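Asker: I am attaching a structure below and will ask some questions about it afterwards.
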Amino acid sequence: MAARLGRSANSLRQHFPALCGQLTARHHAYQQACLQQRHHACLEEIRAIALALHAQGIFPSITRVAEQLARPRNIASNAEYVAALRHLRRQLGWKQ
């Protein structure tokens, strides 16, 4: 933002500390909202993939689900993703 105004960031912080603090807080809130949205989308994608595998009679393992994600990632390292998948498998009647 400082570049768009033709000023240095330090100059803006010096002259407008309260406004800079508000902008920083707003940007942080935006980043958190984006993170939550991506997280929710990933949980929904995991659920959809697991249901599709179940419909085919295939055990929805962490590895199989992760292989089919649109954006590959290691879901085994995220406790919430693993817990959600385990919960869904229990609902579908799969033994752990």
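Asker: Could you tell me how many degrees, from 0 to 90 and to the nearest 10, lie between the Cα long axis of helix 79-92 and the main elongation axis, the longest principal axis, of the Cα atoms of the chain?
Answerer: The angle comes out at about 30 degrees.
Asker: Let me ask you something else. With the cut-off at 1.5 for a/c, could you classify the chain from its C-alpha gyration tensor as rounded, prolate or oblate?
Answerer: prolate
Asker: Additional query: Show me, for the range 27-42, the HN-Hα J-couplings you get by feeding each phi into the Karplus relation (A = 6.51, B = -1.76, C = 1.60, θ = phi - 60°), rounded to Hz, glycine and proline as x.
Answerer: Using θ = phi - 60°, the values come out as 5, 4, 4, 5, 4, 5, 5, 5, 4, 4, 5, 5, 4, 5, 4, 5 Hz.
Asker: I would also like to ask the following. Using Cβ counts within 10 Å as a stand-in for footprinting exposure, how do H54, H27 rank, fewest first?
Answerer: Result, fewest neighbours first: H27, H54.
No value in this document is a laboratory result; all are computed from the given coordinates. Computed from a prediction, not measured in an experiment: that's the story for all the values here. Virtual Cβ from ideal backbone geometry, glycine too; neighbours counted across all protein chains shown.
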